[in-house]
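Quick notes on the structure that follows.
The values are calculated or read from the model by the stated rules, or taken from the named source; none is laboratory data. Not measured: the values here are computed from a predicted model. Heads up, the Cβs are rebuilt from the backbone with ideal geometry, glycines too, and the neighbour counts pull from every protein chain shown. Calculation scope for accessible area: heavy atoms of the full protein, side chains included, ligands and nucleic acids excluded. Shrake-Rupley method; radii C 1.70, N 1.55, O 1.52, S 1.80 Å.
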Amino acid sequence: MGLWAAVIGTRLYFLHVVYSADYKQRAERQQQRTVEVSPRRGVIYDRNGSELAVSIKADSIFAVPDEIEDLKSPGRAAATARTLSALIGVSQDDLLEKFDKQGSFVWIKRKLNAAEAAAVKRAKLPGIYFQKEDQRFYPKRELAASVLGYVDIDEKGLGGLEYRYNGSVRGESGRVLVMTDARGRSFNSIEQPVAPGANLITTIDENIQYIVEKEVAAVAAQTHAKGVSIIAMDPRTGEILAMANYPTFNPNDYARYGPQAWINRAVSHTYEPGSTFKIVTASSAIEEGLASPEDVIDCQNGSIVVFGRLIHDHESFGLLTVKQIIEKSSDVGAIKLGLRLGDERFASYISRMGFGKLTNIDLPGEERGLAKPASRWTKSSIGSIAMGQEIGVTPLQIVRMVSTIANGGILYQPYVVKKVEHPRNGILSETVPHGERVISTDTAAKLQDMLEVVVTDGTAKSGKLEGYTAAGKTGTAQKIDETGHYSKTKFVASFTGFAPASNPKISIIVMIDEPVGEHMGGQVAAPVFKRVAEPILRYLSVPPDVPSYAPSYTVKQKNPPAPEKPLRAQEPRLALRPASFTSQVIEMPELGGLTIPDFQGKSLRQVTEESLKAGLRLQSIGSGAAVEQMPQAGVSVRAGSRVQVRFSSRVGK
């Protein structure tokens, strides 16, 4: 008995002391199953606080295979699989394979839609259970899709801001601990809640984004283009107010679209800019003191030979000033300016303007473009580059360049996120505008004047705005075809500019890849600039700067002896005689006063369109139909005031 007691005691010592940790782990593996639950990603807001991306609760279903096997009837398991397959769209074979797995937990389908979840609940299938998870939801659907990006089933960012800021926004996953008995049947579960991620406050304005996307869709349908990109930027800070592309996608269901739709062409598509690059050529020559807007250059009746290469102009121009070279977009004139600069000096200005390098915008997938160093130029390269060939750019680089002209010579780093803010830890980071001077204010002012003439009298007359001055440059570039030569049928039409020209508030790039039919920048891109810029400036409450557009004031009398002369807003008011004051009525246009419309029951698209037409700043909350608004309908406010509208997909909510 003593010997047996010693053996048993020794064995117990090894079990409880020496091998204790190992057996404890093995027991836990048999008795417990830990399942990760999707984290709650932070909210992505526009600059006015409207939600662009949120997390909502969704039902996921899992099975406990042992409970299905305990039915002791393969037919019942097959019936369960058959019923589930019809309800959630998963094949019976896949479901049976999941049921055959040993254990207490196996995912069946995660993040079901409301109809699927309701159907499974009604079926009351044995061994099938529900688990709540957080699911990413984009209430504005396609709006700013290429900027926001998308996430996978595990809430991991795969594109756009979701990918770039995944570490901050994702949060911490939750966990469910499932306890099982000796027969493998679950009898208890412990849930560790998820921890939310940080919120992003972006520079995007959803109303401006809507304006831009509406025009992107319209020009894509009109021109049957392969791709379209439009960017609207604040030239004084580098903030991206809107960025839209065609083709696009709905991030709520991104898998239905091809990879081409996921690409943010505004930062990833490289193309030869054509004549929009003449802005760089002219500004470099003026900055170096090699030319002035009034200098006259012989454009040789539209042809020039550059180191053995014959280049023709689109028209036969003779003597033109530098200002007229930009106005009429003369290739020969631009080449002669490039020749004055020389390879090394020209290449340095191209680099200084940000070409051939990343802008370092806080979006993934940015291309640096193609800008070879002068040492790799051929003898004729300077002629090609001066007119926008032999160089690859992105739409973002071009709008950044024209913003430099608009703001007086400072090249700003573009950005999309203003602030990263955690609900518990406060502000994690905040972006401060950063720029460096690349040309003098004097050179920028001369270019502003030159580019304004392009719109008033040059190749971009179709881009002239109502009530506002504008400045910019058209571009029409031939694409390289399969043979390695410039195509005669494939073009990139573009226009980049800013408005108002007198005090720029917004810079815009319109890039249309392979339009069918009309393909000149002045024909298809400049009109889009007009349709985008005008509503944006009105939405921003920018006062018109064209005198003829100012409102008129008319003095009327009850019994007027003679027609009164209209008074212009810029003229001084006329004093009225006291004797006639009571018999006169002064009719004046509303200077910003308007009545809030009734948005009740209307869709987000309808409310957005009505707000833009009325000159209101819309802050939308939720999705569905409008159920609440502030201020109330009928209230009189100033133009540019903010109206907050809450939307809901549930009746009575």
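For the reader, a short list of remarks on this structure follows.
- Selection of segment 629-653 for residues being modelled with pLDDT of 80 or more and either part of a loop (DSSP other than H, G, I, E, B) or closer than 17 Å to residue 48 by Cβ (or both) yields 629, 630, 631, 632, 633, 634, 635, 643, 644, 645, 646, 647.
- Filter result for residue 479 (farther than 30 Å from residue 293 by Cα and outside any loop (DSSP other than H, G, I, E, B)): yes
- Scope segment 490-505; condition part of a strand (DSSP E or B) and either open to solvent by less than 20 Å² (accessible area, probe 1.4 Å) or among the charged types (D, E, K, R) (or both); matching residues: 490, 492, 493, 494, 495, 496, 497, 498, 499
- Test: residue in segment 276-288 that is at positive phi, over 36 Å from the mean Cα position of the chain (by Cα) and open to solvent by 60 Å² or more (accessible area, probe 1.4 Å): no
- Close pairs from segment 368-397: first at positive phi, partner open to solvent by 20 Å² or more (accessible area, probe 1.4 Å), Cβ under 6 Å, at least 6 apart: 369/270; 369/356
- The residue that is farthest from residue 612 (Cα to Cα), among those in segment 190-205 that are open to solvent by 10 Å² or more (accessible area, probe 1.4 Å) and either of a type in the set (Val, Ile, Thr) or at pLDDT below 95 (or both), is 190.
- Cβ-Cβ contacts under 7 Å between residues 6 or more apart (or on different chains), taken from a first residue in segment 475-489 that is of a type in the set (A, V, I, L, M) to a second residue that is open to solvent by 50 Å² or more (accessible area, probe 1.4 Å), are listed as 480/486.
- Among the conditions (1) surrounded by fewer than 13 Cβ atoms within 10 Å (Cβ to Cβ); (2) touching a helix residue (DSSP H, G or I) at 6+ places or on another chain (Cβ under 8 Å), the only one that residue 482 does not satisfy is (2).
- Matching residues, segment 434-444, being open to solvent by 50 Å² or more (accessible area, probe 1.4 Å) and of a type outside the set (Lys, Arg): 434, 436, 441, 442
- Of the helices (runs of 4 or more DSSP H) that lie entirely inside segment 77-167, those containing 3 or more residues that are open to solvent by less than 30 Å² (accessible area, probe 1.4 Å) span 114-123, 145-148, 160-164.
- Of the set (1) more than 14 Å from the chain's Cα centre (by Cα); (2) assigned to a helix (DSSP H, G or I), all apply to residue 225 but (2).
- The set of residues in segment 231-279 that are within 20 Å of residue 138 (Cβ to Cβ), part of a strand (DSSP E or B) and either in contact (Cβ under 8 Å) with a residue 40 or more places away in the chain or among the hydrophobic types (A, V, I, L, M, F, W, C) (or both) comprises 240, 241, 242, 243, 244, 245.
- Positions within segment 506-550 being of a type in the set (Gly, Ala, Ser), open to solvent by 50 Å² or more (accessible area, probe 1.4 Å) and under 25 Å from the mean Cα position of the chain (by Cα), in sequence order: 541
- Pair list, Cβ under 7 Å, 6 or more apart: segment 412-439 residue free of Cβ contacts under 8 Å to residues at least 60 places away in the same chain, other residue assigned to a loop (DSSP other than H, G, I, E, B): 437/409
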